[in-house]
Amino acid sequence: QTRSLLGVFEEDAAAISNYINQLFQAMHRIYDAQNELSAATHLTSKLLKEYEKQRFPLGGDDEVMTSTLQQFAKVIDELSSCHAVLSTQLADAMMFPITQFKERDLKEILTLKEVFQIASSDHDAAITRYSRLSKRKENEKIKAEVTEDVYTSRKKQHQTMMHYFCALNTLQYKKKISLLEPLLGYMQAQISFFKMGSENLTEQLEEFLTNIGTSVQNVRREMDCEVENMQQTIEDLEVASDPLYLPDPDPLKFPAHRNLTRKAGYLNTRNKTGLVSSSWERQFYFTQGGNLMSQARGDVAGGLVMDIDNCSVMAVDCEDRRYCFQITSFDGKKSSILQAESKKDYEEWICTINNISKQIYLSENPEEIAARVNQSALEAVTPSPSFQQRHENMRPAVQSRPPAARTSSPGSLGSDSALSALSLDSLVAPDTPIQFDIISPVSEDLPGQAKSSGQSGRRTNPFGESGGSKPETEDSILHQLFIVRFLGSMEVKSDESPDVVYETMRQILAARAIHNVFRMTESHLLVTCDCLKLIDPQTQVTRLQFPLPNVVLYATHQENKRLFGFVLRTSGGRVESRQTSICYIFESNNEGEKICDSVGLAKQIAFHAELDRKASEKQKEIDRVKEKQQKELNKQKQIEKDLEEQSRLIAASSRSNQSSTEGQFVVVSSSQSEDSDLGEDGKKKRESE
């Protein structure tokens, strides 16, 4: 802002100089014209006086003309004297002030500008030498000389800058004086000239010019007062700014402010000049909303360096520089290594960029919220239960969920979502510790504690090739292996929206940045249709196993595709006898979407396999019912067939009985008389026969 304002003042000074040069040329023409008029008037008077000496062939002697011309010559000679006086007055009252302003004041501005540029260049050179000091212990004498050089050049630059600014401010007053005084002198000279001919012509002008003269005196007095105030301010600033001339002030006297959401200052940026070589360039950097801007000297405005919304910032160790930190964009495609001038600036830049990455600057009171969020992040990094203890009571979910869909909103993280980065209680359980590393299962086992089958501690071939017995995962039709790095995990309240994963990513990355946690455990993530496994790449031991039905939500970062996470629903947590949800965050090699696609494919395969199994069981049940119905039908048909056969036999028997009855009718008739004699016993016997 100072250099931009200085550019405006310098541009104004250049415009004043250009205008004054043009005005000077115009007034100089007036002065030259007045001198020429005076000389011409005197020459005219002389020629008129010599009229009588002329001998005209046809004119003859004309005393009236001669006397008239002599009178004109006298008047014109008086006018010539008046013009000579006017020329002298114009030289003193008009040309002298504007010449002094042009030759003295404007040249002083140019001289101070050159001195300021030289002092600024010397300061830049001293800062460059100071920045090149090695962090290894070297000659203290050289370090003291370089520090003294920085102190001297910075003090010289500051003093030169203040005098230069004072001259620029004074120029605004001198500009008015340099414009009004020549005009005042010109008008007074003209009035004096005309007074010689007529006293009445100047009554109104005298009052006006008197007022102008009074105004000029007031401006002069105001200028003197302002110059005195600026001199006093310069003295006060020189005394107060003396400790700030040191490049690395005492952190006890000037502590770092960790709750900033805006920051500006000079930083050194590293630029690659070859395969292994690099150079450092000093530029002015400043934050503007969620953007990091830089502006080189002479530029009209700053240029965008990086979008630092949802970015990551961390301290880095450079071999040849101190106070270095690295900023990585949200998509991981762009990074920049910067060097601060002091430890105070170094800490403030890291904290400011971290606060901006959380979008705290969008709130009404950003510094208060930044302090509260940083305090909550500080309290969040506490010892936490081990992974193995969390998964001892892991059970498959009762209801199978369809594969979760990844959101593809074009907006930035948290910009249009109902989720607020400042109110985390609705998503993250309060007082939730953050686990930054995977604890080895061997060190976690308690005495007498039996390992659950397939959970941990067993060597696993990630490609499903092994001799002997095969576990269930090796019969899966899907085996995909990915290289991942574990960032952290924490318990969450909800598992219904991908915003839970995004917010967990934000909190874990923020906690890592605040507490300088840079170590990450690399593992192989094996995705099958039954579970997700984290396998040690060296020993091939299964570190953790997540049943696939318990993975209820998974998503990749909307911008940084290297980050992904999933939510695991378990049957036990900090409060027993209830289901808890834990969100795990990983970093991959630009394979976040592939991993989520693979998990989605595994859940789809498992889902369709379950549907096929249920359909197969249902078909078997239908077949059993059909078979039973067919047996009943066959049995019914057999019964009907038997009944039909019996009816045919009965019909045939009835026909046979009828014919035999007709043949025996006569015998029965003839024996009726005998039957009456036989009695009842004889009848029964005959019927039986």
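The values are calculated or read from the model by the stated rules, or taken from the named source; none is laboratory data. Fair warning: this is a prediction, and the values are worked out from it, not measured in the lab. Please note: Cβ atoms are built from the backbone with ideal geometry, for glycine as well, and neighbour counts cover all protein chains shown. The accessibility values were calculated without ligands, DNA or RNA, using every heavy atom of the protein model including side chains. Shrake-Rupley method; radii C 1.70, N 1.55, O 1.52, S 1.80 Å.
One table, with the values for the structure above:
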read-out	value
Residue satisfying condition, being among the polar types (S, T, N, Q) and open to solvent by less than 40 Å² (accessible area, probe 1.4 Å), within set N355, N365	N355
Qualifying residues in the range 1-11 (those that are under 23 Å from K102 (Cβ atoms) and touching a residue at least 60 places away in the same chain (Cβ under 8 Å)) - the one surrounded by the fewest Cβ atoms within 10 Å (Cβ to Cβ)	E10
Residue match in the range 16-25 (condition: assigned to a helix (DSSP H, G or I), in contact (Cβ under 8 Å) with a residue 24 or more places away in the chain and open to solvent by 90 Å² or more (accessible area, probe 1.4 Å))	no
Top-ranked residue of the range 271-324 - restricted to ones that are hydroxyl-bearing (S, T, Y) and within 21 Å of D124 (Cβ to Cβ), ranked as most open to solvent (accessible area, probe 1.4 Å)	T273
Residue list for the range 578-611, restricted to those being over 18 Å from L534 (Cβ atoms) and within 25 Å of the chain's Cα centre (by Cα)	N590, E593
Flag if S131 is farther than 30 Å from R220 by Cβ, polar (S, T, N, Q) and not assigned by the TED database to the domain that holds Q283	yes
Meets criteria (of a type outside the set (S, T, N, Q), more than 30 Å from D32 (Cβ to Cβ) and in a helix (DSSP H, G or I)) for K135	no
Residue list for the range 3-45, filter: of a type in the set (V, I, T) and under 30 Å from H163 (Cα atoms)	V8, I16, I20
Filter result for the condition that a residue is touching a residue at least 40 places away in the same chain (Cβ under 8 Å), in a helix (DSSP H, G or I) and surrounded by 13 or more Cβ atoms within 10 Å (Cβ to Cβ), over S38, S45	S38
Positions within the range 118-134 being open to solvent by 50 Å² or more (accessible area, probe 1.4 Å) and more than 18 Å from L246 (Cβ to Cβ), in sequence order	I118, S121
Q658 being loosely packed, with under 10 Cβ neighbours inside 10 Å and in a helix (DSSP H, G or I)	yes
